[in-house]
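The values are calculated or read from the model by the stated rules, or taken from the named source; none is laboratory data. Note that the structure is a prediction, hence the values are computed from the model and not measured. For neighbour counting, all protein chains shown are included, and Cβ atoms are generated from backbone atoms with ideal geometry for every residue, glycine included. Remember, those area values only see protein heavy atoms, side chains included, never the ligands or the DNA or RNA. Shrake-Rupley method; radii C 1.70, N 1.55, O 1.52, S 1.80 Å.
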Amino acid sequence: MSKKLMVVDDSRIVHAKMKQLLEDTDFEIIGFCRSGEDAIQSYREYRPDVVTMDIVMPGIDGLDAAKTILTEFPDANIVMVSSLAYDDTMDAAEEIGAKGFIFKPFEKEELIKTLNEAVGE
């Protein structure tokens, strides 16, 4: 059974890369959001199994969007995705309840492993 994934990133390149890497896997991209505001609204609508959330985006950033989603849906599985490798950013992601952290650029094996861990597999 496929796991529903929502991708939140303001880059169309990241969306295309995710789509390519997740072909022929158990993950199905059911939504793509380009802002934190869209992510919050779409999460309420789609209720995906897991979310990949970019941190730096226009408007509400990924950390604040993830915090809002996790406050409303404490069982949400959110994996932060960023090219920012700062300890304080990773600490902040962990503090709000993110289930993992993937650094850009990411590889297929790392992506699938982190997504599976986020959904408890």
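The set of residues in region 1-13 that are assigned to a loop (DSSP other than H, G, I, E, B) and open to solvent by 50 Å² or more (accessible area, probe 1.4 Å) comprises Met1, Ser2, Asp10. Tell me, yes or no, whether region 14-32 has at least one residue that is free of Cβ contacts under 8 Å to residues at least 12 places away in the same chain, out of contact with any Cys (no Cβ under 9 Å at 6 or more places or on another chain) and not in a helix (DSSP H, G or I). Taking every residue of region 14-32 in turn, at least one turns out to be free of Cβ contacts under 8 Å to residues at least 12 places away in the same chain, out of contact with any Cys (no Cβ under 9 Å at 6 or more places or on another chain) and not in a helix (DSSP H, G or I).
Among the conditions (1) of a type in the set (Gly, Ala, Ser); (2) within 21 Å of Lys3 (Cβ to Cβ); (3) modelled with pLDDT under 95; (4) part of a helix (DSSP H, G or I), the only one that Gly120 does not satisfy is (4). Of the residues making up region 38-54, just one is more than 12 Å from the chain's Cα centre (by Cα), crowded, with 17+ Cβ neighbours inside 10 Å and of a type in the set (S, T, N, Q), namely Ser42. Among the residues of region 20-37, just one is at pLDDT below 95 and under 11 Å from Lys108 (Cα atoms), namely Glu23. On the given criteria, is Val81 of a type in the set (A, V, I, L, M, F, W, C) and closer than 25 Å to Thr25 by Cα? The answer is yes for Val81. The single condition from (1) touching a residue at least 40 places away in the same chain (Cβ under 8 Å); (2) within 12 Å of the chain's Cα centre (by Cα) that Ala66 fails is (1).
Condition first: under 20 Å from Ser35 (Cα atoms) and assigned to a helix (DSSP H, G or I). Now tell me which residues in region 80-89 satisfy that. First the steps, then the outcome.
Within region 80-89, the subset under 20 Å from Ser35 (Cα atoms) is 80-84, 89.
Within region 80-89, just Thr89 meets the criteria.
Counting the residues of region 55-107 that are buried (at least 16 other Cβ atoms within 10 Å of the Cβ), aromatic (Phe, Trp, Tyr) and either modelled with pLDDT of 95 or more or more than 21 Å from Val119 (Cβ to Cβ) (or both) gives 0. Apart from one condition, Thr52 fits all of (1) under 19 Å from Arg12 (Cβ atoms); (2) in a helix (DSSP H, G or I); (3) touching a residue at least 40 places away in the same chain (Cβ under 8 Å); the exception is (2).
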